[in-house]
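Here is the structure we will look at.
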Amino acid sequence: MKTNFSGIKFFALLLCLVVVCTCDHGLNPNDLEPEIQLTGISGTITFQNWPPADSLYNLRIVAFTVFPPQSIVNELIEGTAYAYPAIFDTAHVPYNVDSFDYVFELLPGIYEYICVAQQYGPWLYTDWRAVGQYDLDSATPEPSAVEVIQDSLLENINIDVDFDNLPIQPF
């Protein structure tokens, strides 16, 4: 039996040319998963003069759409404030560290007050105080507002916390 190797070679060469001509640069991982754009803020919280452990019930970053806020819990319920981590999440900002880097996803909008809030007693609705706030001008007691834009992560929203030198107490 006689085989036509020239026909098989021609077909194989044609198949290789089709494959080479139709492929550009292979599989790109970015083609498979779309790039995720975060919307929110990020920064570093630095801590000084930690209080006794029995006064650390909870520690959160809270972003308020209005200043001055009246109550952390009420404004969280009303949707005019957001907590990081979420208020009923078992996680919290870590205790007894020198600093903590965070990324806080938020809805687009203007946030007039961003603070680190400490729950210092057992009562979730009343035992809160501000222990640090985002402030571009430390010479004035008022906090600095930020505008969060869709698909944009606003960086360097840094907060200094000195438990011996608290900011104004709006709630």
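Filtered by the rule that a residue be buried (at least 18 other Cβ atoms within 10 Å of the Cβ) and assigned to a strand (DSSP E or B), the stretch 66-101 gives ALA81, TYR82, ALA83, TYR84, PHE100. Only one entry of ALA81, ALA117, ALA91, ALA63 meets the criterion of being small (Gly, Ala, Ser), touching a Pro at 6+ places or on another chain (Cβ under 9 Å) and at pLDDT 95 or above, and that entry is ALA81.
Summed over the stretch 140-163, residues that are exposed (fewer than 15 other Cβ atoms within 10 Å of the Cβ) and of a type in the set (A, V, I, L, M) total 1. Of the residues ILE157, ILE114, ILE110, the single one that is part of a loop (DSSP other than H, G, I, E, B) and of a type in the set (Val, Ile, Thr) is ILE157.
Considering ALA86, ALA91, ALA117, ALA139, the condition of being touching a helix residue (DSSP H, G or I) at 6+ places or on another chain (Cβ under 9 Å) and free of Cβ contacts under 8 Å to residues at least 24 places away in the same chain is satisfied by ALA86 alone. Looking only at residues in the stretch 117-139 that are of a type in the set (A, V, I, L, M) and outside any loop (DSSP other than H, G, I, E, B), the one that is surrounded by the fewest Cβ atoms within 10 Å (Cβ to Cβ) is ALA130. Only residues that are touching a Cys at 6+ places or on another chain (Cβ under 7 Å) and either loosely packed, with under 15 Cβ neighbours inside 10 Å or farther than 19 Å from ILE157 by Cα (or both) were counted in the stretch 49-65, giving 0.
The values are calculated or read from the model by the stated rules, or taken from the named source; none is laboratory data. This is a predicted model, so every value here is computed, not measured. Quick reminder, even Gly has a Cβ in these numbers, built from the backbone with ideal geometry, and neighbours come from all protein chains shown.
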